[in-house]
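**Student:** Quick one: the structure is below, questions incoming.
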Amino acid sequence: MIEGEFGSKGGNETMGYDPEKHHRRSIRLKGYDYSQPGAYFVTICSWQRQPLFDRTELRNILVETWQQLPARYANLSLDTFVVMPDHIHGILHLSSPLKQIPGPTLSDIMRVYKSITSVSWIRYNKSRNMACGRHLWQERFYDHVIRNETQLTLIRDYILHNPLQPEILQGKDLDEDMWDEVIQRFVLASPTSCRDRG
C-alpha cells in the first residue's frame, strides 16, 4: 500500500496500487539489447524543462562530463553533442566490449552521466555557498537507435541546427558569422560532422 495525502480533508488515507494508474510505460524498444554495438541518439531534459543550462558554469560541467565518458567506457565513442537551455542532444557509438564481459547499456551510461553532472553541480554551488535545486534532470531520457548512415547524417544535421531554431523561426538571415558563433557556443561536433557542414 502507498500512503499519501489524498482526500478533501487533507488527511492521510491509504491508497492501493492500481497498475492501470501507477505504471510507467517503457519508451525503449521492446526486446532490444541497448548494450549492443551501434549508434544512439539521446536527449535528456532538465528538471521540469527549466532553462538551467544557460549558466556557463553548468554548461561547462555538462560538456566536460560528456567528453570524459569514453575514459569511463572503453567501448564508447562520442559524436555530435549540443547543450540547449533546457535539454541536451548527443550521439554515442558503442562498439563490442574488448573483453568477454557484457558492455554497459545505454541506460547505464546515461545514468552515470546524469549522476556525475548532478553531483558536480551541487559541489560547485556548495563551494560558493550558493543554493541550487534538488533536481537537475528529468527522470527519463529519450533515445533513438540510429539504423544507418542516412539517419546518422540527418540526426547530426538536426543537432547542428537545433540552436538556430529560434532565429530560423523568426525568419532571420543566417550568415557564416552567426553560424560559427552558435556552433562555438552550443555544439560539440564530431570531426566528420564539421567536414559535412563544409
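**Student:** Pull out the extension gain between residue 96 and residue 57, defined as 0.36 nm times the separation in residues minus the alpha carbon to alpha carbon distance; nm, one decimal. Write out the running numbers ahead of the final one.
**Tutor:** Values: separation 39, 0.36 × 39 = 14.04 nm, distance 3.45 nm.
Once the chain is fully extended between residue 96 and residue 57, it gains 10.6 nm.
**Student:** Principal axes first, then extents: for the Cα atoms of segment 32-178, list largest minus smallest coordinate on each axis, whole Å, largest first.
**Tutor:** Projected onto the principal axes, the Cα atoms of segment 32-178 cover 46, 43, 25 Å.
**Student:** If you take the beta carbon distance between residue 128 and residue 108 as r and set R0 to 25 Å, what does 1/(1 + (r/R0)^6) give as a FRET efficiency, to the nearest 0.05? All intermediate terms of the calculation are to be shown ahead of the outcome.
**Tutor:** On the way: r = 31 Å, r/R0 = 1.25.
Working from the Cβ atoms, E equals 0.20.
**Student:** Most exposed first by the Cβ proxy, i.e. fewest other Cβ within 10 Å, how do 64, 149 rank?
**Tutor:** On the way: 64 12, 149 9.
With the sparsest Cβ surroundings first, the list reads 149, 64.
**Student:** Still on this structure, I have one more. 7 Å from Cα along Cα→Cβ at both residue 139 and residue 119: what's the point-to-point distance in nm?
**Tutor:** 2.2 nm
**Student:** Would you mind counting up the charge near residue 89? Only other residues with Cβ under 12 Å from its Cβ, with Lys and Arg at +1 and Asp and Glu at -1. Write out the running numbers ahead of the final one.
**Tutor:** Working: positive: 156; negative: 79, 86, 143, 157.
Charge balance near residue 89 sits at -3.
**Student:** Here's another thing I want to ask about it. Extending each Cα 7 Å along its Cβ direction at residue 32 and residue 86, get the distance between those two points in nm, one decimal.
**Tutor:** Inter-label distance under the simple model: 2.5 nm.
**Student:** Hey, can you rank 109-117, 121-129, 85-93, 42-50 by average C-beta count inside 10 Å, highest first?
**Tutor:** Values: 109-117: 18.2, 121-129: 12.2, 85-93: 20.0, 42-50: 15.8.
Put in order of decreasing packing, that is 85-93, 109-117, 42-50, 121-129.
Computed from the coordinates by the stated procedures, all read-outs in this text should not be read as laboratory data. Here the structure is a predicted model, which is why all the values come from computation and not from measurement. Note that each Cβ is placed from the backbone with ideal geometry, even for glycine, and that neighbours are counted across all protein chains shown.
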